[in-house]
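One structure is given below, encoded as structure tokens.
The values are calculated or read from the model by the stated rules, or taken from the named source; none is laboratory data. Since we're looking at a predicted model, the values are computed, not measured. Here the Cβ positions follow ideal geometry from the backbone for every residue, glycine too, while neighbour counts run over all protein chains shown. Please note that ligands, DNA and RNA were not included when accessible areas were found on the heavy atoms of the full protein model with its side chains. Shrake-Rupley method; radii C 1.70, N 1.55, O 1.52, S 1.80 Å.
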Amino acid sequence: DAARDQVHLLFYIWLPDNNGTLVAQALIGAAGRGVICRVMADDLGSRLLIRSQLWSQMAAAGVRLARALPTGNPLLGSFLGPLRGRVDLRNHRKLAIIDNRITWCGSQNCADPAFLIKAKYGPWVDIWARFEGPIARQNQWLFASDWMATIPREDLSDLLYEPWLAPDAGFFAQAMGTGPTVRNAAMPELFATLMFAARRNLTITTPYYVPNESMQAALCACARRGVRTRLLVPARNDSWIVAAASRSYYADLLDAGVEIYEFMGGLLHAKTITLDGEIALIGSANMDRRSFDLNYENNVL
């Protein structure tokens, strides 16, 4: 509602529920007063919105819309190009950039906490953080790269070179984005680096813990050298296969001294790492191989 120049939103799942409708109506209002609004939603995760009247209403109001990684006909995927028709490759990012100076990111999709498509696991407990300063331009770069790959006729490069005003005070931050078309080992390497950097305590929240061997070893090593290491996961997972896979790693973690907590108050969907009360990582990436190898993800360190 306060945007003056442009609003850029990207979500893996956007539902036409209460919150989803409120955001869409705000976009329609912003577009009506001349704000450039660009919306990108994953073609699989946001299919309910894309097929709804709300999507058509946004388009009619002048909101510029894009479907990330169109699924099309999966049987024809190999004939449509390397990324088209692939239901396994998804844009899992959650981003908002307002006026090229304010950004939001985290684990939250554009939906009610009740998450009606999987209501029996609700409420979904997420983190969604607001930043100002140069970090907003870094997230803008991620959005622009996704948008221009999907809408190549629209060049957003000029937005990336606008001057920015440094905030009066703050902290160092860095955005990062990974995906199957870039060096996909970057995210697990960052996770492992943070584990090795911890000196006193390390706390991790993730809904899906299916690590690769190096990450499991890094987490065990963290606890073995005396760092208080805590892993928080949901008690009830929306995927019984992932839940079973996650629990298969528990014995080695417990043997190394990792404390494992199962969150009872809904589906803990937040993806966070905090260490020594000094460093935090939040974003869209789960600690599983889908996030590391198949999904487009974004995190802020």
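Brief remarks on what is shown
- Here the Gaussian network model covers the chain, with springs between Cα atoms less than 10 Å apart; of Tyr249, Tyr208, Tyr121, Tyr249 fluctuates the most.
- Correct option for log10 I(q)/I(0) by the Debye sum over Cα atoms at q = 0.09 Å⁻¹ [calculated from the coordinates] among (i) -0.60; (ii) -0.68; (iii) -0.46: (iii)
- Calculated FRET efficiency, Arg289 to Glu162, Cβ-Cβ distance, R0 = 41 Å: about 0.65 to the nearest 0.05.
- Atom-type composition of the exposed protein surface of the chain places 57 percent of the accessible area on carbon and sulfur (1.4 angstrom probe).
- With R₀ fixed at 22 Å, the C-beta to C-beta distance from Arg199 to Ala129 puts the FRET efficiency at about 0.35.
- Taking label points 7 Å from Cα along the Cα-to-Cβ direction, Ser56 and Ala149 give a separation of 3.1 nm.
- Value at 222 nm in deg cm²/dmol, rounded to 500, when DSSP H runs of n ≥ 4 in the chain each add -39,500 (n - 2.57): -9000 deg cm²/dmol
- Peptides 132-142, 56-66 ordered by average Cβ neighbours within 10 Å, highest first: 132-142, 56-66
- For the range 158-301, share of DSSP beta bridges that run antiparallel, in % to the nearest 5: 55 percent
- Counted as membrane-span-like here are DSSP H helices of the chain whose alpha-carbon atoms extend 24 Å or more along the helix's own axis and whose Kyte-Doolittle mean is -0.5 or above; these are 134-150.
- Protein heavy-atom accessible surface, 1.4 Å probe, per residue over the chain: 48 Å².
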